[in-house]
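The values are calculated or read from the model by the stated rules, or taken from the named source; none is laboratory data. This is a predicted model, so every value here is computed, not measured. Here the Cβ positions follow ideal geometry from the backbone for every residue, glycine too, while neighbour counts run over all protein chains shown.
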Amino acid sequence: MLVLGIESSCDETGIALYDTDRGLIADTLYTQAELHAQYGGVVPELASRDHIRKLTPLILQTLEQANVKRQDIDGIAYTKGPGLMGALLSGTSVARSLAYALKVPAVGVHHMEGHLLAPMLEEAQPEFPFICLLVSGGHSMIVRVDGFGQYKVLGDTLDDAAGEAFDKTAKLLDLGYPGGPNVSNLALKGNSDRYQFPRPMIDRPGLDMSFSGLKTYTRNTWLKAVKDNDATEQTKADICRAFEVAVSETLTIKCKRALEQEGLNRIVIAGGVSANRAIREKLSQLMEKRRGEIFYPRLQFCTDNGAMIAYAGAQRLLAGQSNDLNFAANPRWSLEDLPAL
Ligand code: KG4
Ligand code: ZN
């Protein structure tokens, strides 16, 4: 079965073709980062308009790249939510119209399920059950995964998502948008002995996370440096380093707790923040110590992409699930509401 995947939940237009026998055969991405950078964050209306401009040319380009005719498509998978309403509607309407014209089924995919399953696009795939640390710009969750569509959210963020905390730190230090990779790159030049930032929520039981206290601590540290005439590039790098260490240690402690609580020894990290070097390293060390297994997607499939949507949708279409033609997007949607396969 050949599935066309369409991702348009935020500021990336991602298109991919996934074949259930041959695997991923094409994947293209257009990022709007430059468009939003001048505003320091995503402007929803501009995002929707840019998706509308890019969706059709990118679909044609992807078909051409794979040397596939549109009549060869057996099903369409599109991101139905969560995300920005206008951006979701752009992809949803193109997907549903194309499905109607080609007379093929279409299925609306949960964006976070796409992220969660992205490691399945790699050669070494995790077996069920596993714990997934799902960390993106909009979500930070620890999920127990027992099978396709069988998700139990064990922990969630009480305020900012991990990616949002990275983005806000970047904004505070004037490092540009999107912030995560910039904070992480500057952290490489930072001195890890200079600042000790708090590890949020680790002394509280449970698996929920909170990053707003860390955000305030980061802000106060920077404001003090400015006041002390020490607002240098090195200070910025030291702050980035301390921030990144605090986030990666907090996430690792929470994951360890989740593995112990559920009696599992297999972990998957996914979502934009799973691209982070320090977090991957810390979690890999933990799993090495526990003699457990760790899986994460290749870098390009950590952040938003069409391949993960094509893959997740293909599993649902294969199982006979599809949606009727009344198109709808779902900007707020819980992973736990998904049907199992
Ligand atoms: O999954 P994603 O592409 O979009 C959402 O679904 O939100 O995640 C984007 C988030 C942004 O907050 C970005 O700053 C963060 O992932 N991110 C990173 C890194 N690369 C992307 N955060 C930390 N380190 C990175 N290397
Ligand atoms: Zn995402």
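Please specify each residue of segment 154-171 satisfying the condition of being more than 16 Å from ligand 1 (Cβ to nearest atom) and in a strand (DSSP E or B).
Across segment 154-171, the qualifying residues are L154, G155.
Per-residue answers, yes or no, for (1) more than 16 Å from ligand 2 (Cβ to nearest atom); (2) not assigned by TED's automatic domain parsing to the domain that holds D21:
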site: K69; (1), (2): yes, no
site: C132; (1), (2): no, yes
site: M141; (1), (2): no, yes
site: G149; (1), (2): yes, yes
site: G163; (1), (2): no, yes
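Only strands (runs of 3 or more DSSP E) whose full extent lies in segment 57-138 are considered here, and the ones with at least 2 residues that are farther than 24 Å from A275 by Cα and either touching an Asp or Glu at 6+ places or on another chain (Cβ under 7 Å) or of a type in the set (G, A, S) (or both) are 75-81, 106-110. Assessment of segment 41-53 against the conditions (within 16 Å of ligand 1 (Cβ to nearest atom), in contact (Cβ under 8 Å) with a residue 60 or more places away in the chain and either in the same structural domain as L325 (by TED's automatic domain parsing) or surrounded by fewer than 20 Cβ atoms within 10 Å (Cβ to Cβ) (or both)) yields at least one matching residue.
Here is a yes/no grid of residues against (1) in contact (Cβ under 8 Å) with a residue 24 or more places away in the chain; (2) surrounded by 22 or more Cβ atoms within 10 Å (Cβ to Cβ):
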| site | (1), (2) |
| --- | --- |
| F130 | yes, yes |
| V143 | yes, yes |
| G147 | yes, no |
| L158 | yes, no |
| A162 | yes, yes |
| K171 | yes, no |
| G179 | no, yes |
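The numbered conditions (1) away from ligand 1 (no atom under 15 Å from the Cβ); (2) free of Cβ contacts under 8 Å to residues at least 40 places away in the same chain are all true for T31 except (1). In the set (1) in contact (Cβ under 8 Å) with a residue 60 or more places away in the chain; (2) under 30 Å from Q261 (Cα atoms); (3) surrounded by fewer than 17 Cβ atoms within 10 Å (Cβ to Cβ), E123 fails one condition alone, (1). Just one of (1) part of a helix (DSSP H, G or I); (2) over 18 Å from the mean Cα position of the chain (by Cα); (3) not polar (S, T, N, Q) fails for A231. It is (1).
Across segment 304-326, the qualifying residues are those that are hydrophobic (A, V, I, L, M, F, W, C) and not in a helix (DSSP H, G or I), and the one among them that is surrounded by the fewest Cβ atoms within 10 Å (Cβ to Cβ) is L325. Here A275 clears all of (1) out of contact with any Lys or Arg (no Cβ under 8 Å at 6 or more places or on another chain); (2) surrounded by 20 or more Cβ atoms within 10 Å (Cβ to Cβ); (3) farther than 23 Å from P119 by Cα; (4) of a type outside the set (V, I, T) except the condition numbered (3). Within segment 262-272, restricting attention to residues that are over 16 Å from A124 (Cβ atoms) and within 14 Å of ligand 1 (Cβ to nearest atom), the residue that is surrounded by the fewest Cβ atoms within 10 Å (Cβ to Cβ) is G272. Considering every residue within segment 235-242, establish whether at least one is over 30 Å from E122 (Cα atoms), free of Cβ contacts under 8 Å to residues at least 24 places away in the same chain and assigned by TED's automatic domain parsing to the domain that holds G155. The answer is yes, given that some residue of segment 235-242 is over 30 Å from E122 (Cα atoms), free of Cβ contacts under 8 Å to residues at least 24 places away in the same chain and assigned by TED's automatic domain parsing to the domain that holds G155.
Check whether at least one residue in segment 201-212 is assigned to a helix (DSSP H, G or I) and closer than 14 Å to T157 by Cα, and report yes or no. Looking for residues that are assigned to a helix (DSSP H, G or I) and closer than 14 Å to T157 by Cα, one finds at least one in segment 201-212, hence yes.
When you go through (1) within 16 Å of ligand 1 (Cβ to nearest atom); (2) in contact (Cβ under 8 Å) with a residue 40 or more places away in the chain one by one for K282, which number turns out not to apply? Of everything listed in (1) within 16 Å of ligand 1 (Cβ to nearest atom); (2) in contact (Cβ under 8 Å) with a residue 40 or more places away in the chain, K282 misses just condition (2). Taken over segment 216-241, residues that are surrounded by fewer than 24 Cβ atoms within 10 Å (Cβ to Cβ) and closer than 30 Å to N305 by Cα amount to 1.
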